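**Q** I have a structure here, written as structure tokens, and I will follow up with some questions on it.
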Amino acid sequence: GDSVTQMEGPVTLSEEAFLTINCTYTATGYPSLFWYVQYPGEGLQLLLKATKADDKGSNKGFEATYRKETTSFHLEKGSVQVSDSAVYFCALSESGTASKLTFGTGTRLQVTL
Amino acid sequence: DGGITQSPKYLFRKEGQNVTLSCEQNLNHDAMYWYRQDPGQGLRLIYYSQIVNDFQKGDIAEGYSVSREKKESFPLTVTSAQKNPTAFYLCAITRQGSTEAFFGQGTRLTVV
């Protein structure tokens, strides 16, 4: 079945550092890929998405590129802020829409001054 | 205020009791989902419904039940058969054909 593997956290960075959170996936078809963010005590918010190979999703300074050849969707940000501290989830949807998302285990990011 | 509302935010249950979590939406989205979140395990799908009066089991449906009598409501009952119900429960909605899921704020259930 489908699966998503994320790098384990927590990831601790100083403010303005470069962020990479690795995400790889296994799927039988051509899934859509997503990054969601969860702030403490809250639900998930969609951060960015990509629906086909070589698409780049971007939002709030975060970027991720759909790499079919490496089945990856790594999240990057050039300069993190304390307010970026949260848990980040990589997810896929086999059906091509947001139906029945398969999530990774989440990566906690802690940004310090 | 439009969106998706889960209630209550915190819920305590005694062992052996059934408890129902509420999920309501006013965005007229077709599909609704229940996920369970445990520390270090990400989210796992419990049940989902794509139309009124129809729903399907997800990956971990045992010990849970749902109903979809109205488009805007998808309550989840955690029954006494669920062996380890303490978790954070998230409801989500999607519009047909959309690539974006909207999540509620979650309900944290604790068995005491």
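The values are calculated or read from the model by the stated rules, or taken from the named source; none is laboratory data. Given the structure is predicted, the values throughout are model-derived calculations rather than measurements. Neighbour counts are summed over all protein chains in view; Cβ atoms, including those assigned to glycine, are modelled from backbone coordinates with ideal geometry. To get the accessible areas, we keep the full protein, side chains included, count just its heavy atoms, and leave off ligands, DNA and RNA. Shrake-Rupley method; radii C 1.70, N 1.55, O 1.52, S 1.80 Å.
**Q** For region B:100-112, which residues satisfy the criterion of being within 13 Å of the chain's Cα centre (by Cα) and open to solvent by 10 Å² or more (accessible area, probe 1.4 Å)?
**A** B:102, B:103, B:105, B:108
**Q** I'd like to check which strands (runs of 3 or more DSSP E) are fully inside region A:20-87 and have at least 1 residues that are under 28 Å from residue B:7 (Cα atoms).
**A** A:32-38, A:44-50
**Q** Which residue, of B:17, B:41, B:6, B:37, is of a type outside the set (Asp, Glu) and farther than 19 Å from residue A:37 by Cα?
**A** The match here is B:17.
**Q** Being within 12 Å of chain B (Cβ to nearest Cβ) and free of Cβ contacts under 8 Å to residues at least 12 places away in the same chain is the filter; apply it to region A:34-76 and report the residue that is least open to solvent (accessible area, probe 1.4 Å).
**A** A:43
**Q** Here's a follow-up. Return a yes/no flag: does region B:23-38 have any residue that is more than 23 Å from residue A:6 (Cβ to Cβ), facing chain A (nearest Cβ under 8 Å) and of a type in the set (A, V, I, L, M).
**A** yes
**Q** In region A:103-110, is there at least one residue being of a type outside the set (S, T, N, Q), open to solvent by 50 Å² or more (accessible area, probe 1.4 Å), within 11 Å of chain B (Cβ to nearest Cβ) and touching a Pro at 6+ places or on another chain (Cβ under 6 Å)?
**A** yes
**Q** Further question: Taking the options B:67, B:73, B:80, name whichever one is away from chain A (no Cβ under 13 Å), polar (S, T, N, Q) and in contact with a Pro (Cβ under 9 Å, 6 or more places away or on another chain).
**A** B:67
**Q** While we're here: Look through region B:6-22, keep the residues that are out of contact with any Cys (no Cβ under 6 Å at 6 or more places or on another chain) and within 11 Å of another protein chain (Cβ to nearest Cβ), and return whichever of them is farthest from residue B:74 (Cα to Cα).
**A** Checked region B:6-22; the qualifying residue farthest from residue B:74 (Cα to Cα) is B:10.
**Q** Let me ask you something else. Within region B:32-51, is there a residue that is more than 26 Å from residue A:102 (Cβ to Cβ) and open to solvent by 20 Å² or more (accessible area, probe 1.4 Å)?
**A** no
**Q** A further question on this structure: Hey, residue B:97 hits all of (1) loosely packed, with under 15 Cβ neighbours inside 10 Å; (2) touching a residue at least 12 places away in the same chain (Cβ under 8 Å); (3) within 14 Å of chain A (Cβ to nearest Cβ) but one; which does it fall short on?
**A** (2)
**Q** Does region B:81-89 include one or more residues that are of a type in the set (D, E, K, R), out of contact with any Lys or Arg (no Cβ under 6 Å at 6 or more places or on another chain) and modelled with pLDDT under 95?
**A** So far as region B:81-89 goes, yes, one or more of its residues are of a type in the set (D, E, K, R), out of contact with any Lys or Arg (no Cβ under 6 Å at 6 or more places or on another chain) and modelled with pLDDT under 95.
**Q** Which residue, of A:79, A:3, A:32, A:58, is closer than 17 Å to residue B:102 by Cβ and hydroxyl-bearing (Ser, Thr, Tyr)?
**A** Exactly one residue qualifies, and that residue is A:32.
**Q** Quick one: in region A:83-102, which of the residues that are in contact with an Asp or Glu (Cβ under 6 Å, 6 or more places away or on another chain) and either modelled with pLDDT of 95 or more or open to solvent by 10 Å² or more (accessible area, probe 1.4 Å) (or both) is farthest from the other protein chains (Cβ to nearest Cβ)?
**A** Taking the candidates together, the pick is A:94.
**Q** Shifting gears a bit: Quickly run through region A:8-29 and pick out the residues that are open to solvent by 30 Å² or more (accessible area, probe 1.4 Å) and within 13 Å of chain B (Cβ to nearest Cβ).
**A** Listed by number, the residues that qualify are A:8, A:9, A:10.
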